[in-house]
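Some notes on the structure that comes next.
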Amino acid sequence: MGHSQDEKAESHELIVRAAAARFREAGVDGIGVAQLMKEAGLTHGGFYRHFASRDELVAEAIERALHDGGQRAVGMVAHNAQAPLAALVDGYLSPAHRDHLASSCAVTTLAGDVARSNDRARSAYTRQVGTYLELLTRLIADDEPGPGRTKAIAALSTLVGALSMARAVNDEKLSREILKSAASELKSQLGVK
């Protein structure tokens, strides 16, 4: 019995991981349950052994995507102790981050989907935005809590907006210009190199 429970947990994890990646790539409505189950190496019929509804999968996958993106941001900061804020800005506004949707920040890739989603997904999104704002506020390190948070909100908005625009334009030169200009200007406003 324990073995089958372990297998069920492993299958559940495969489904959620596949959905988190694919939702970031194609949007929540861009892929159906049958295709997700196939990508996870499972049959469509097994879906309801793991989830009560597609909405439940969507919420859990969005939670996973947001969590994973947050962990990558924390990792970028931790691995760049000398200039953590600059590393975060440069990493977030990089062509690699722009191009790898399946593993990119879900705050950017899933904003539109989450805005139309259920309360569970919106709550997860809200928590992740809060986590990013706390991280940015600490990195900005103003003496007064108010201005640091205001700068953090502006910084996060710049990061998310610039990455979204860089992905949306169909001109590679302009896309890179958006990333580079936004990174340069944001670091200048925050007083980092």
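The values are calculated or read from the model by the stated rules, or taken from the named source; none is laboratory data. Note that the structure is a prediction, hence the values are computed from the model and not measured. Glycine also receives a Cβ, built like all others from the backbone with ideal geometry; neighbour counts cover every protein chain displayed.
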* Asked: Would you call residue 81 hydrophobic (A, V, I, L, M, F, W, C) and touching a Leu at 6+ places or on another chain (Cβ under 8 Å)?
  -> no
In the stretch 150-163, anything under 20 Å from the mean Cα position of the chain (by Cα), among the β-branched types (Val, Ile, Thr) and surrounded by fewer than 19 Cβ atoms within 10 Å (Cβ to Cβ) is listed as 153, 160
Within the stretch 115-133, the count of residues that are farther than 20 Å from residue 152 by Cβ, in contact with a Leu (Cβ under 9 Å, 6 or more places away or on another chain) and of a type in the set (A, V, I, L, M) comes to 1
When restricted to 126, 137, the only residue in contact with a helix residue (DSSP H, G or I) (Cβ under 7 Å, 6 or more places away or on another chain) and β-branched (Val, Ile, Thr) is 137
Among helices (runs of 4 or more DSSP H) entirely within the stretch 27-131, at least 1 residues that are more than 19 Å from residue 17 (Cα to Cα), hydroxyl-bearing (Ser, Thr, Tyr) and modelled with pLDDT of 90 or more occur in 84-92
Among (1) buried (at least 18 other Cβ atoms within 10 Å of the Cβ); (2) within 18 Å of residue 193 (Cα to Cα), residue 79 falls short only on (1)
Exactly one of 9, 106 is aliphatic (A, V, I, L, M) and under 21 Å from the mean Cα position of the chain (by Cα), and that one is 106
Checking the structure you have, find out if any residue of the stretch 164-173 is in a helix (DSSP H, G or I), surrounded by 15 or more Cβ atoms within 10 Å (Cβ to Cβ), over 16 Å from the mean Cα position of the chain (by Cα) and basic (Lys, Arg). no
Of 24, 17, the only residue that is assigned to a helix (DSSP H, G or I), in contact with a Lys or Arg (Cβ under 9 Å, 6 or more places away or on another chain) and not hydrophobic (A, V, I, L, M, F, W, C) is 17
